[in-house]
1. Which peptide among 130-139, 105-114, 186-195 comes first, and what is the full order, when sorted by highest mean count of other Cβ atoms within 10 Å?
2. With only alpha-carbon pairs counted, each pair once and no self-pairs, how large is the Kirkwood hydrodynamic radius of the range 6-256 in angstroms?
3. Just want to confirm a number: the relative contact order over the chain, from Cα pairs under 8 angstrom separated by 6+ residues, in percent.
4. Taking only DSSP H segments of four or more residues, each worth -39500 (n - 2.57), what value at 222 nm results for the chain once the sum is divided by all its residues, to the nearest 500 deg cm²/dmol?
5. Using only the alpha carbons, work out the radius of gyration and Dmax of the range 69-178 in angstrom.
6. Taking 0.36 nm per residue of separation and subtracting the Cα-Cα distance, what length does fully extending residue 220 through residue 18 add?
7. Could you state, as a whole-number percent, how many of the C-alpha pairs of the range 1-77 are farther apart than 17 Å?
8. Could I have the simple spin-label model distance between residue 240 and residue 159, label points 7 Å from Cα toward Cβ, reported in nm to one decimal?
Ligand SMILES: C[S@@+](CC[C@H](N)C(=O)[O-])C[C@H]1O[C@@H](n2cnc3c(N)ncnc32)[C@H](O)[C@@H]1O
């Protein structure tokens with residue numbers, strides 16, 4: 001897993017928060033008592049779950065010490081807490097009423113097979129809600145892959161760094177329906193309008209670029225970023241000081257049958 005830079009991640013709070021709100025807006029749970037946010041990150045979005053369901057105990061779980069340190073500021077004794085856990089082997093102490101995982105499963109290779117385990121964690125009638133990016137064939141990712149695999153960088157970077165990946169909405173729908181859920185799955189392409197110089201580079205610095213930057217010293221990282229930034233400028237030309245970043249995201253909300 002990459003080392004998360006929480007300040008960089010939080011630079012696009014509004015753009016990153018919107019899909020979370022669109023996702024949880026489709027959860028129909030009325031009075032859940034046990035709510036979990038898997039891969040909770042900085043915890044700000046997890047805190048909105050505690051606001052929506054004031055009677056519930058809400059747990060944020062994440063594998064990153066950097067993210068958890070930041071999330072600790074959101075904790076509310078008896079209502080909202082954060083602990084370290086890996087999605088791959090997470091087992092709740094009791095049946096979960098609402099399980100949310102937003103922008104996290106793309107970092108878990110083979111996560112389609114993990115859905116069985118996640119749905120089993122729900123009590124009958126419980127809700128599962130997931131969102132993953134669906135932009136891995138967008139220029140921002142394709143150019144990054146091309147650059148890291150170029151003769152110049154391939155050896156220095158190696159090829160064992162985690163690469164995020166995800167499936168289409170239809171695949172999540174089919175997988176969750178096969179697990180006995182009633183499923184609502186969809187895709188949305190957000191058109192983010194970003195300001196400032198090299199905003200797509202800034203965006204990827206908070207996510208997809210992290211596994212690359214983790215492997216390079218400062219001088220190499222600056223050189224890699226310079227090459228990547230030039231390619232991004234050509235792929236996402238600014239207009240009147242603004243740059244449009246189309247960002248496709250994939251959503252699935254599943255209600256486990258009683
Ligand atoms: C892009 S951030 C999203 C954070 C938050 N859910 C949000 O929407 O802002 C991805 C998060 O997933 C966490 N994560 C990735 N793989 C994980 C795993 N195997 N187990 C637990 N957390 C994981 C990362 O540490 C990171 O905090």
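Every read-out reported here was derived from the displayed coordinates using simple, explicitly stated rules and does not represent laboratory data. No experiment lies behind these values; they were computed from the predicted model shown. Methodologically, a virtual Cβ is constructed for each residue, glycine included, from the backbone with ideal geometry; neighbour enumeration extends over all protein chains shown.
1. Details: 130-139: 20.1, 105-114: 18.1, 186-195: 13.4.
Descending mean neighbour count gives 130-139, 105-114, 186-195.
2. Working: mean 1/r = 0.0523 Å⁻¹.
Here the Kirkwood hydrodynamic radius works out to 19.1 Å.
3. 24
4. Calculated at 222 nm, the ellipticity per residue is -10500 deg cm²/dmol.
5. According to the Cα coordinates of the range 69-178, Rg and Dmax are 17.5, 54 Å.
6. Numbers: separation 202, 0.36 × 202 = 72.72 nm, distance 3.41 nm.
Gain in length upon complete extension: 69.3 nm.
7. Roughly 46 percent, once rounded to a whole number.
8. 4.6
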